[in-house]
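The values are calculated or read from the model by the stated rules, or taken from the named source; none is laboratory data. This is a predicted model, so every value here is computed, not measured. Cβ placement follows ideal geometry from the backbone for every residue including glycine, while neighbour counts extend to all protein chains displayed. Heads up: the accessible areas ignore ligands, DNA and RNA and are worked out on the full protein's heavy atoms, side chains in. Shrake-Rupley method; radii C 1.70, N 1.55, O 1.52, S 1.80 Å.
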Amino acid sequence: MKTRFLTALFLALSCSLTAQVQSEEDNIRTAINKYIEGTSYNKPNLIKAAFYEEANLFLTHKEKKLWIVPVSEYASWFEKKEQGKFNGRIGNILSIDQENDIAMAKAEILAKGKNIRYIDIFLLKRIEGEWKIISKAATSRNQE
């Protein structure tokens, strides 16, 4: 009887822990998906919502060793385009690695009609209970 109770308790605790981890991963995915949707449908407010307000993006530029762009400037690039209209960017989360209140995620962005594949690496932090992107680095290459 005691063994059954302990087994049931162990299983309940295991399920609870798994649900918590899954919930954290879901919340991380939510932050990344805000970025993906915001950049795919020209929604600068959604892009800003995905990031910590002082975040920087570290991008590739043919004329610069390192191109550092504040999130506010990056989001403004999407203000000039038709809000809510799909612009051909297709994003896919490739991986997430989370430890306590920090996480790293990797996403692939395909730009329709440009034959370019972007890889984005995100650093995220849980701030006041919400996951925010605190930094993003990106690179690109032509698709084969």
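Tell me, what ³J(HN,Hα) does each residue in segment 58-70 have, in order and in whole Hz, if you take phi through Karplus 6.51 cos²θ - 1.76 cosθ + 1.60 with θ = phi - 60° and put x for Gly and Pro?
Working through the residues one at a time gives 10, 10, 8, 9, 5, 10, 10, 5, 8, 9, 9, 10, x Hz.
Show the residues, 5+ positions off or on another chain, whose built amide H is closer than 5 Å to the amide H of F51.
I133
Specify whether the C-alpha gyration tensor of segment 93-140 places it in the rounded, prolate or oblate class, a ≥ b ≥ c being the square roots of the eigenvalues: rounded for a/c under 1.5, otherwise prolate if a/b is larger than b/c and oblate if not. Each step should come with its number before you reach the end.
On the way: a/c = 3.17, a/b = 2.66, b/c = 1.19.
The shape class here is prolate.
For segment 82-144, what % of the accessible area comes from carbon and sulfur atoms, probe 1.4 Å?
48 percent
May I ask you to list the trypsin sites (Lys or Arg not before Pro) in segment 93-135 that are in a DSSP loop and have at most 12 other Cβ atoms within 10 Å of their Cβ?
Hits after loop and neighbour filter: K112.
Rounded to the nearest 10 Å², what accessible area does R29 show when all protein chains are kept and the probe is 1.4 Å?
80 Å²
Just the Kirkwood number for segment 53-144, please: inverse of mean 1/r across all distinct Cα pairs, in Å, one decimal.
Over segment 53-144, the inverse of the mean reciprocal pair distance is 14.6 Å.
Label segment 25-83 by shape, choosing from rounded, prolate and oblate, from the square roots a ≥ b ≥ c of the eigenvalues of the Cα gyration tensor; if a/c is under 1.5 it is rounded, and otherwise prolate applies when a/b is larger than b/c, oblate when it is not.
It is oblate, given that a/c is not under 1.5 and a/b is not larger than b/c.
Mind checking the per residue accessible area of segment 14-144 for me, 1.4 Å probe, whole number of Å²?
Result: 62 Å² of accessible area for each residue.
Are there chymotrypsin sites (Phe, Trp or Tyr not before Pro) in segment 77-118 that DSSP marks as loop and that have at most 15 other Cβ atoms within 10 Å, and which are they? If you can, show how the numbers build up before the last one.
Details: sites: W77, F78, F86, Y118; in loops: W77, F78, F86.
Here the chymotrypsin sites (Phe, Trp or Tyr not before Pro) that fit, given the DSSP loop and packing criteria, are W77, F86.
Only four residue types carry charge here, +1 at the Cβ of Lys and Arg and -1 at the Cβ of Asp and Glu. Report the dipole size of segment 17-144 about the Cα centre in Debye, rounded to the nearest 20.
So the magnitude is around 740 debye.
Grab the Cα-Cα distance for S72 and A111, subtract it from 0.36 nm times how many residues apart they are, and report the gain in nm with one decimal.
11.9 nm
Summarise the accessible area of segment 26-72 (1.4 Å probe, protein heavy atoms) by the percent that is carbon and sulfur.
48 percent
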